[in-house]
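Here the structure comes first, spelled out in structure tokens, and everything after it is commentary.
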Amino acid sequence: MSNNKYTEIDNLQFDTVVEPKNKLFDLDVKELWKYRDLIFLFVKRNFISQYKQTVLGPAWAVIQPLLTTVVFTIIFGNVAGLAPGGVNSFVYYLCGTIFWQYFASCLTMVSNTFTGNSHIFGKVYFPRMVLPVSTVITNLISLGIQFFFFIVAWVIFMFVPGYSMSPGWQILLLPLMLVELALLALGCGIVISALTTKYRDLAMLVSFGVQLWMYATPVAYAADMFSGSKIEFIYWLNPTCPVIETIRYAFLGSSAAQFRPVMWGISWITTFVILCIGILLFSKVEKTFMDTV
Amino acid sequence: MNDLAIRIEHVSKQYRLGAIGGGTLKGDIQSFIARRRGEEDPNSKIGSDSAYHKNEKFLALDDVSFDVKKGEIVGIIGHNGAGKSTLLKLLSRVTAPTSGRIGINGRIASMLEVGTGFHPELTGRENVYMNGAILGMTKAEISAKFDEIVKFAEMEKFIDTPVKRYSSGMYVKLAFAVAAHLDSEIMVMDEVLAVGDMKFQDKCLGKMSDVSNQEGRTVLYVSHNMSTIKRLCNRCIVLDRGKVVFDGDVNDAVNIYLQNGKVEKKTFYSFENTEHKDYYLRQIKMLSNEVLNTKDCVFKIGEKIKCKLKCHSDCEESGVRLRVEIINKSDVVTGILFSDVLPTFSKNETLDVNFEIDTSQFMNGNYHAQFVLFKINNYGITETIDFIKGAMAFDIFSPTNEDNMEWFPQYGGASRLKDLSVTGINKYENR
């Protein structure tokens with residue numbers, strides 16, 4: 001069947017041409033937009049299936065961070081005395097925990113994209129990026145519920161005497177901070193998911209790595225701990241550090257955290273670099289990972 | 001715009017056999033370092049020749065090219081492992097070809113499996129939307145078709161029940177209904193109709209031909225069921241070991257497919273490249289077989305088939321016999337012919353064994369044969385010396401003017417025994 005008739009694909013017009021390999025940096029945003037309905041259906045599916053047949057339903061979204069916060073408040077706040085004075089340590093830890101957990105669960109779930117969904121990917125085509133994006137949005141819903149709970153607690157403790165909580169104008173930066181957390185989690189997640197198609201070892205490392213990362217980020221303690229230390233600059237290079245600190249500064253004021261615009265700017269650069277590496281790796285494996293996964 | 005729906009240009013798909021990589025990062029790093037130092041890969045199989053394993057690649061598709069015009073219903077048939085599913089996977093963009101390109105006009109709705117993306121916790125309704133969106137429809141498009149889908153699937157009552165409570169038949173019905181009602185220009189189906197009851201299968205086939213004839217959509221359909229292929233398709237492609245062996249009329253294609261995998265009819269068979277099992281002793285090797293008294297390998301019942309079998313002996317061997325096993329087209333052994341003990345083979349000797357096969361007890365049909373050289377050892381056990389599968393093939397027909405009896409193998413068996421010899425008739429006197 002091999003004759004020269006079949007060499008003219010370029011001369012004929014086709015909507016889609018399937019080629020052996022992707023371009024180096026191949027993220028088709030237009031195509032992704034065409035599948036926006038699918039993204040939202042995945043979000044709905046993830047969210048509904050998460051809480052189906054549970055008695056408490058979406059309340060679980062609040063219970064988990066609440067328990068973590070209580071543990072943090074007791075262990076790190078009261079026993080170890082790591083919480084800064086001047087703010088209520090419960091509100092302080094709740095603020096850090098919910099945003100950190102958003103980041104952590106996005107990262108873990110996105111890093112599972114290829115291996116966890118190979119049964120769908122193996123049978124039908126849609127832009128593979130749909131799933132990571134929908135994961136990030138799904139978690140945003142849980143975060144929304146938690147955030148509402150946080151605001152309630154925050155307002156209540158505003159009126160409790162003895163604490164000075166002074167929210168700043170940085171509250172307006174909150175959407176930007178959320179976007180950054182989402183992009184960073186997406187970037188790291190797709191790097192890992194692209195690599196786990198071949199090396200399953202990484203999947204084992206993820207949950208452990210995320211936990212380590214939490215201790216490198218001011219979640220259980222204040223970044224003040226490193227003030228004046230030699231490694232302070234390196235510590236602040238961790239992209240999640242300025243984000244969490246800024247969020248705390250915005251809601252709880254200067255006694256709780258520091259606001260460092262320069263370090264925050266650097267964290268944006270880090271985020272974009274990681275995201276680019278992620279997209280690069282993703283477009284490399286996206287087409288043929290089904291053969292190796 | 002051209003009138004093509006799909007163009008496949010010199011597409012190949014290669015898979016590596018065996019485990020891919022070390023599977024772990026550590027394994028890959030070890031292999032990499034070993035290769036750098038020129039040492040043996042610590043992760044290769046013990047005792048294996050690594051150069052051999054490096055080349056263990058497998059072409060699931062080998063330089064396949066064809067066009068599909070808009071509105072055609074193309075059947076794709078072939079034996080297991082012929083590359084059908086790989087082709088569909090490439091078309092539905094689940095994986096990419098190793099080389100070559102595929103041009104597609106329009107959206108492809110692929111049904112490589114029924115109910116892809118169905119989530120057991122969601123209701124039928126939610127899953128219809130989910131499934132539709134995965135197949136590339138927008139929410140509005142699905143809403144417009146929703147009632148039609150539910151009606152087609154006969155699922156009005158159960159649409160708000162989680163699909164984990166569905167029977168497998170209901171699952172399939174709903175999934176097919178979604179795919180069939182998509183507005184995609186091309187439908188790719190992989191034996192989805194194998195499930196579901198006869199009534200629903202019929203309905204699906206009807207829907208598929210409607211989709212093509214009335215809506216002008218293109219359908220690619222893979223099946224092992226020749227009757228549905230014949231009923232549905234107006235063109236058929238036969239794949240064999242990754243290559244297109246036939247492309248055209250459906251009936252011809254089905255015949256070729258049914259013949260495929262059988263031994264080819266020819267007058268000279270060389271056994272040089274035949275693979276052998278290790279446990280054959282092979283002190284005598286069969287080298288070739290020539291069928292002497294024919295050009296087309298078609299024989300009349302009762303004709304003798306004359307063969308010349310070339311053998312080579314490595315050492316002296318006596319008591320060797322030849323066994324010819326005749327196999328019909330359904331792969332059933334219909335009979336075995338034994339030779340007498342052959343004359344003693346001397347060391348390093350090449351010789352021809354001429355023999356005849358008497359076909360008087362064969363029935364009409366296509367046959368092939370396998371040759372076995374064997375001897376009975378001192379303990380009374382049969383030792384196989386050499387074994388050749390597919391050593392020859394031939395057709396048998398009965399001349400119509402003679403004994404024109406119809407023969408049904410299911411009643412009459414595979415071979416016809418020698419006619420009864422009536423030895424005498426004694427009449428009784430009527431009183």
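Each reported figure results from applying straightforward, stated rules to the coordinates on display, with no laboratory input. Everything numeric in this text was worked out from a predicted model, so none of it was measured. Counting neighbours? That spans all protein chains shown, and the Cβs are built from the backbone with ideal geometry, glycine included.
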Most fluctuating of A:Phe150, A:Phe14, A:Phe233 in the GNM of chain A (C-alpha, under 10 Å) is A:Phe14
Diffing the stretch A:143-158: the Karplus 3J(HN,Hα) column from phi (6.51, -1.76, 1.60, θ = phi - 60°), in whole Hz with x for Gly and Pro, holds 4, x, 4, 5, 5, 4, 4, 4, 4, 4, 4, 4, 5, 4, 6, 4
Here the FRET efficiency for A:Ile231 versus A:Ser254, based on Cβ atoms and R0 = 25 Å and rounded to 0.05, is 0.65
In degrees, nearest 10, the alpha-carbon axis of helix A:201-215 is tilted away from the dominant principal axis of the alpha carbons of chain A by 30 degrees
Given unit charges at Cβ for Lys, Arg (+) and Asp, Glu (-), the dipole magnitude of the protein assembly as shown about its Cα centre in debye, nearest 20, is 1040 debye
Highest mean packing first, using Cβ neighbours within 10 angstrom, the peptides B:313-324, B:377-388, A:40-51, A:176-187 sort as A:176-187, A:40-51, B:313-324, B:377-388
Amide H neighbours of B:Ala5 at under 5 Å, excluding residues fewer than 5 places away on the same chain, with H built from the backbone geometry, are B:Val68, B:Lys69, B:Lys70
Within 10 Å of the Cβ of an average residue in B:137-144, the count of other chain Cβ atoms is 2
Rounded to the nearest 0.05, FRET efficiency between A:Leu205 and B:Ser167 (Cβ-Cβ, R0 56 Å) equals 0.85
As straight-line cross-link partners of B:Lys285, the qualifying aspartates and glutamates (C-alpha separation under 19 Å, not fewer than 8 residues apart within one chain) are B:Glu272, B:Glu275, B:Asp314, B:Glu316, B:Glu317, B:Glu325, B:Asp340, B:Glu349, B:Asp352, B:Glu383, B:Asp386
For B:Glu349, other-chain or 5+-apart residues with amide H closer than 5 Å (H placed, Pro excluded) are B:Ser313
Shielding of B:420-426 by other chains, given as the mean Cβ count within 10 Å, works out to 0
With 0.36 nm assigned to each residue of separation and the Cα-Cα distance removed, B:Ile381 to B:Asp331 gains 15.4 nm
Per residue of A:40-51, other chain Cβ atoms within 10 Å number on average 4
The stretch B:137-158 scanned against label point 7 Å out from B:Asn213 along Cα→C-beta; backbone N under 14 Å for none
Pairs over 19 Å Cα to Cα, from A:Lys30/B:Lys69; B:Lys139/B:Lys203; A:Lys34/B:Lys173; A:Lys21/A:Lys198, come to A:Lys30/B:Lys69; B:Lys139/B:Lys203; A:Lys34/B:Lys173
In nm², the average projected area of the convex hull spanned by the Cα atoms of the stretch B:68-259 is 10.8 nm²
Helix A:261-285: inclination vs chain A longest Cα principal axis, degrees, rounded to 10, gives 30 degrees
Checking A:Asn88, A:Asn78, A:Asn139 against a Gaussian network model of chain A (alpha-carbon springs below 10 Å), the top fluctuating residue turns out to be A:Asn78
Of A:62-69, A:91-98, ordering from highest average Cβ density within 10 Å down gives A:91-98, A:62-69
With label points set 7 Å from each Cα along the Cα-to-Cβ direction at B:Asp395 and A:Val55, the distance between them in nm comes to 7.6 nm
